[in-house]
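This report concerns only the one structure given below.
The values are calculated or read from the model by the stated rules, or taken from the named source; none is laboratory data. Worth saying up front: this structure is predicted, and the values here are computed from it rather than measured. In this analysis, Cβ positions are derived from the backbone assuming ideal geometry, glycine residues included, and neighbour counts consider all displayed protein chains.
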Amino acid sequence: MLFDHCAECQSCCHVDAGFGTLEITLTKDEATVHKQLCIEDRCTHLGNQGCQLGDEKPLSCKLYPLSFDHQANQYYFDAACPLLPEYKRQLKNPNSEAAMHLKQMDHLLTQLIDTDKDFLKRNREVDLDFFELTPISTPTYLKNKS
């Protein structure tokens, strides 16, 4: 499974020394539950098998290693994530785990364009500050959505 590697790697849940605090971007609804989530050096919700928040995991964390520019309708990938080559390879298959992840994120993010554009803007700013982003090609099965 593609994301099984995440429980081992966990680098997305850490902030290297000297990079400052990473504030996890929360949607309006998530902010009522979590108030604020920050990573000083290691996320406090990170357990041995990954995130312990379960269904309460913030959208910005679920989205990772993707980043979305809602103005350009373009997806990017954190180049430092070791999943990049496999994720891109899997995107060619519309039934792959990567394709399902991208479709699910696209569905959720598209809804936020109308309901929480501030989240999209803030999340993009954080991504630009903290990650080395590389564009990914939008698969035709996503472009042809109705």
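Data for the structure
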item: Scan of the range 60-95 for residues that are closer than 13 Å to PHE3 by Cα and hydroxyl-bearing (Ser, Thr, Tyr), ordered by number; result: TYR64, TYR87
item: Complete set of residues in the range 1-38 that are among the basic types (Lys, Arg) and at negative phi; result: LYS28
item: Residue in the range 107-124 that is surrounded by the most Cβ atoms within 10 Å (Cβ to Cβ), counting only those that are at pLDDT 95 or above and acidic (Asp, Glu); result: ASP116
item: Within the range 84-105, considering residues that are surrounded by 18 or more Cβ atoms within 10 Å (Cβ to Cβ) and not aliphatic (A, V, I, L, M), the one farthest from PHE68 (Cα to Cα); result: GLN90
item: Selection within the range 90-116 - more than 13 Å from TYR141 (Cα to Cα), among the charged types (D, E, K, R) and touching a helix residue (DSSP H, G or I) at 6+ places or on another chain (Cβ under 9 Å); result: GLU97, ASP116
item: Filter result for GLN71 (of a type outside the set (A, V, I, L, M) and in contact with a strand residue (DSSP E or B) (Cβ under 9 Å, 6 or more places away or on another chain)); result: no
item: Top-ranked residue in the range 69-81 [being exposed (fewer than 14 other Cβ atoms within 10 Å of the Cβ) and small (Gly, Ala, Ser); ranked as nearest to LEU128 (Cα to Cα)]; result: ALA79
item: Some residue of the range 44-56 being among the hydroxyl-bearing types (Ser, Thr, Tyr) and loosely packed, with under 14 Cβ neighbours inside 10 Å; result: yes
item: Hits in the range 64-75 (condition: under 8 Å from the mean Cα position of the chain (by Cα) and closer than 13 Å to ARG122 by Cβ); result: SER67
item: Verdict on CYS38 being surrounded by 17 or more Cβ atoms within 10 Å (Cβ to Cβ), of a type outside the set (S, T, N, Q) and either touching a Gly at 6+ places or on another chain (Cβ under 8 Å) or not in a helix (DSSP H, G or I) (or both); result: no
item: Residue check, LEU26 assigned to a loop (DSSP other than H, G, I, E, B), modelled with pLDDT of 90 or more and of a type in the set (A, V, I, L, M); result: yes
item: Listing of strands (runs of 3 or more DSSP E) fully contained in the range 43-146 that carry 3 or more residues being touching a residue at least 60 places away in the same chain (Cβ under 8 Å) and closer than 23 Å to LEU22 by Cα; result: 74-78
item: Which listed residue is within 19 Å of LEU133 (Cβ to Cβ) and either in contact with a strand residue (DSSP E or B) (Cβ under 9 Å, 6 or more places away or on another chain) or of a type in the set (Val, Ile, Thr) (or both), from LEU91, LEU84, LEU59; result: LEU84
